[in-house]
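Enquirer: Before we start, here is the structure in question, set down as structure tokens.
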Amino acid sequence: MLLVAFVQWWYGPGWQDTAGRVFTRVRETYLTFSVPILIPTMFAPWRRIITYPGRSMGEKFRAVIDNLVSRAVGFVVRLFALITALLIMSGYLIFGGILLVIWPIVPLLGPALIVGGLL
């Protein structure tokens, strides 16, 4: 009776729950890295560091350079965050996909190893 309940759970709700957990991890990573916010703000200044131009030409030139550097730093940091998020989400999808593919085989491994050990 217990064996039948286990098999019913393993090939039904257990498999579905595992798939749901894989996609939940991908979604949590997506939201943890704030991907919906990072993409539209790729060229925004880093930490809102903005230099306002003064009256002279030298001060205006310095403000342009400072603002370009701030935007470049913001771009690089956001790009690395997006790449890291993509790598982690890809890892979850790859390993989760492998897990879902071998999920039906796992219960059969126990008896197969016992029989293989007896031979």
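The values are calculated or read from the model by the stated rules, or taken from the named source; none is laboratory data. Computed from a prediction, not measured in an experiment: that's the story for all the values here. Note that each Cβ is placed from the backbone with ideal geometry, even for glycine, and that neighbours are counted across all protein chains shown.
Enquirer: Any residue that is in contact with a Pro (Cβ under 9 Å, 6 or more places away or on another chain), surrounded by 11 or more Cβ atoms within 10 Å (Cβ to Cβ) and in contact (Cβ under 8 Å) with a residue 60 or more places away in the chain - is there at least one of those in region 15-31?
Expert: Among the residues of region 15-31, at least one is in contact with a Pro (Cβ under 9 Å, 6 or more places away or on another chain), surrounded by 11 or more Cβ atoms within 10 Å (Cβ to Cβ) and in contact (Cβ under 8 Å) with a residue 60 or more places away in the chain, which makes the answer yes.
Enquirer: List the helices (runs of 4 or more DSSP H) that sit entirely inside region 1-52 and contain at least 3 residues that are within 19 Å of the chain's Cα centre (by Cα), at pLDDT below 90 and closer than 30 Å to residue 84 by Cβ.
Expert: none
Enquirer: Further question on the same structure: So how many residues does region 51-80 have that are aliphatic (A, V, I, L, M) and in contact with a helix residue (DSSP H, G or I) (Cβ under 6 Å, 6 or more places away or on another chain)?
Expert: 1
Enquirer: Go through the residues of region 59-82 one by one and say whether even a single one is at pLDDT below 95 and among the hydroxyl-bearing types (Ser, Thr, Tyr).
Expert: Among the residues of region 59-82, at least one is at pLDDT below 95 and among the hydroxyl-bearing types (Ser, Thr, Tyr), which makes the answer yes.
Enquirer: So, in region 77-101, exactly how many residues are polar (S, T, N, Q) and over 22 Å from residue 18 (Cβ atoms)? Reasoning before the result, please.
Expert: Keep residues of region 77-101 that are polar (S, T, N, Q), which gives 84, 90.
After this cut, where a residue has to be over 22 Å from residue 18 (Cβ atoms) as well, the list is 84.
Summing the residues that are polar (S, T, N, Q) and over 22 Å from residue 18 (Cβ atoms) in region 77-101 gives 1.
Enquirer: Same structure again: For the condition in contact with a helix residue (DSSP H, G or I) (Cβ under 8 Å, 6 or more places away or on another chain) and among the β-branched types (Val, Ile, Thr), what is the one hit in 84, 18, 24? Talk me through it step by step, then tell me what you get.
Expert: Working: 84 fails: in contact with a helix residue (DSSP H, G or I) (Cβ under 8 Å, 6 or more places away or on another chain); 24 fails: in contact with a helix residue (DSSP H, G or I) (Cβ under 8 Å, 6 or more places away or on another chain).
Going through 84, 18, 24 in turn, just one is in contact with a helix residue (DSSP H, G or I) (Cβ under 8 Å, 6 or more places away or on another chain) and among the β-branched types (Val, Ile, Thr): 18.
Enquirer: I've got another one for you. Residue 62 passes all but one of (1) free of Cβ contacts under 8 Å to residues at least 12 places away in the same chain; (2) exposed (fewer than 12 other Cβ atoms within 10 Å of the Cβ); which number fails?
Expert: The failed condition is (2).
Enquirer: Answer with yes or no whether residue 82 is under 19 Å from the mean Cα position of the chain (by Cα), among the aliphatic types (A, V, I, L, M) and surrounded by fewer than 12 Cβ atoms within 10 Å (Cβ to Cβ).
Expert: Details: under 19 Å from the mean Cα position of the chain (by Cα): yes; among the aliphatic types (A, V, I, L, M): yes; surrounded by fewer than 12 Cβ atoms within 10 Å (Cβ to Cβ): no.
Answer is no for this residue.
Enquirer: Separate question: Select from region 85-96 the residues that are more than 11 Å from the chain's Cα centre (by Cα) and either loosely packed, with under 12 Cβ neighbours inside 10 Å or in contact (Cβ under 8 Å) with a residue 60 or more places away in the chain (or both) and list them in ascending order.
Expert: Across region 85-96, the qualifying residues are 94, 96.
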